[in-house]
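Structure first, then comments.
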Amino acid sequence: MTPLPARDAFQALPHALTLLGMSGVGKTTLANKLREEDGWFHYSADYRIGTRYLAEPILDNIKRKIMEKDRFTAELLRSDSIYICHNITVDNLAPVTTFLGMYGNGEDELTLSEFKRRQDLYGRGECWSMRDVPDFIAKARGLYRCRNFVNDASGSLCEIEELYCRCVEMGAPGLFEHLTRQTLLIYVELSPEQRQVIIQRAKDYPKPLYYFPPLLAELTAGLPERADRPGREIARGWVGRLIEDRAVRYRSIAERWGLIIPVERLWGMLDRVEQEQRQASPDKGRRTGLLTPALLDLIYEAARDELDRRPEKAPILQGYLDSCAAADSAPGR
């Protein structure tokens with residue numbers, strides 16, 4: 001027997017989702033739309049990392065760069081005559097990626113040891129940000145009165161499972177057991193052809209990325225402390241391995257812990273909702289309230305198909321539904 005209630009009952013529950021997938025599949029676009037149009041609480045992992053767990057290292061790095069190039073400002077900073085504050089927002093996460101940086105010989109690029117140090121700091125910050133998810137679900141519903149919650153996870157969520165077990169307290173549940181106690185894991189999957197497009201885009205426009213530590217050790221084996229090439233050139237040689245490695249990890253995680261939704265189904269749903277919004281209110285701006293039922297209907301179909309294919313996942317879905325029901329019946333809801 002499947003644990004799924006009737007479709008209408010599923011739609012009526014308060015929901016909490018964790019979005020898993022590569023950069024570019026639409027996780028943040030979807031989370032932003034859910035926040036702006038339907039009032040969901042948007043929990044951005046990178047925002048939490050940047051404002052809580054990397055805030056001090058990010059500011060120290062900015063100060064160091066300024067003080068190396070501007071003696072006047074350096075003296076003011078040393079005497080506490082001025083202060084610097086970053087302006088990280090959910091829509092502007094540039095300070096986080098800038099801090100993560102690239103290994104290379106270009107201006108402001110990093111030595112190998114510093115690159116690895118920042119990789120470790122980011123990975124630990126990502127672990128802590130995921131540990132915080134239940135607290136923010138409670139805050140979203142209790143303080144902000146947001147019925148629904150979306151965890152916009154980093155594209156490297158698939159790579160921190162082992163590190164997470166070392167970061168949290170001994171005896172705590174593993175990363176995905178922890179997340180699936182209160183959220184439904186949704187993996188937005190690319191086809192092999194779409195993945196090649198993402199790889200080519202990453203090669204054309206290289207950016208700082210977090211690497212699975214064993215893969216990073218393999219990629220950097222034998223490299224000098226100071227690179228002999230620009231970071232963008234080095235990243236172009238690494239990114240294909242990284243994305244293909246992530247695809248395997250994503251699939252394995254989703255097969256065990258969550259649901260898989262092909263990216264074209266997600267994009268198709270977003271396009272249909274966009275068209276419905278224009279038709280429903282052509283002269284009065286965007287009509288809200290259409291995205292949530294469309295998304296939950298897509299998830300319901302994916303859950304039903306998954307239970308038919310893999311009935312052993314019923315306890316995970318039942319646990320999620322129980323947490324939704326508990327949230328719905330909590331005092332003050």
Return the residues of the stretch 28-44 that are farther than 11 Å from Leu291 by Cβ and buried (at least 24 other Cβ atoms within 10 Å of the Cβ); say none if nothing qualifies. Tyr43, Ser44
Residues in the stretch 16-43 that are farther than 20 Å from Glu255 by Cα, assigned to a loop (DSSP other than H, G, I, E, B) and in contact with a strand residue (DSSP E or B) (Cβ under 7 Å, 6 or more places away or on another chain): how many? 2
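Being surrounded by fewer than 19 Cβ atoms within 10 Å (Cβ to Cβ) and assigned to a helix (DSSP H, G or I) is the requirement here; does Arg232 meet it? So that I can check it myself, show each step before the final result.
Values: surrounded by fewer than 19 Cβ atoms within 10 Å (Cβ to Cβ): yes; assigned to a helix (DSSP H, G or I): yes.
Judged against the criteria, Arg232 is a match.
Can Ala217 be described as surrounded by 21 or more Cβ atoms within 10 Å (Cβ to Cβ) and part of a helix (DSSP H, G or I)? Please lay out each step first, then the result.
Details: surrounded by 21 or more Cβ atoms within 10 Å (Cβ to Cβ): no; part of a helix (DSSP H, G or I): yes.
Spelling it out, it is not the case that Ala217 is surrounded by 21 or more Cβ atoms within 10 Å (Cβ to Cβ) and part of a helix (DSSP H, G or I).
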Residue list for the stretch 249-277, restricted to those being more than 17 Å from Glu177 (Cα to Cα), in a helix (DSSP H, G or I) and either within 17 Å of the chain's Cα centre (by Cα) or of a type in the set (S, T, N, Q) (or both): Val263, Leu266, Gln275, Gln277
Of all residues in the stretch 1-14 being in contact with a Lys or Arg (Cβ under 8 Å, 6 or more places away or on another chain) and not aliphatic (A, V, I, L, M), the one that is modelled with the lowest pLDDT: Thr2
Any residue at all in the stretch 179-189 that's of a type outside the set (A, V, I, L, M, F, W, C), within 24 Å of Thr97 (Cα to Cα) and surrounded by 17 or more Cβ atoms within 10 Å (Cβ to Cβ)? yes
What are the residues in the stretch 158-182 that are over 19 Å from Lys313 (Cβ atoms), assigned to a helix (DSSP H, G or I) and among the aliphatic types (A, V, I, L, M), if any? Leu163
Restrict the check to the stretch 47-55 and report whether at least one residue is in contact (Cβ under 8 Å) with a residue 60 or more places away in the chain and either over 30 Å from His15 (Cβ atoms) or not in a helix (DSSP H, G or I) (or both). yes
Of everything in the stretch 120-150, what is more than 16 Å from the chain's Cα centre (by Cα) and either free of Cβ contacts under 8 Å to residues at least 40 places away in the same chain or not in a loop (DSSP other than H, G, I, E, B) (or both)? Give them in sequence order. Asp120, Leu121, Asp135, Ala138, Lys139, Ala140, Arg141, Gly142, Leu143, Arg145
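Between Gly50, Gly39, Gly26, which is small (Gly, Ala, Ser) and touching a Lys or Arg at 6+ places or on another chain (Cβ under 8 Å)?
Gly39
Go through the stretch 88-114 and count every residue that is more than 21 Å from the chain's Cα centre (by Cα) and either charged (D, E, K, R) or part of a helix (DSSP H, G or I) (or both).
6
The values are calculated or read from the model by the stated rules, or taken from the named source; none is laboratory data. Bear in mind that the values here come from a model prediction, so they are computed numbers and not experimental data. As a convention, Cβ positions derive from the backbone with ideal geometry for all residues, glycine included, and neighbour counts pool all protein chains shown.
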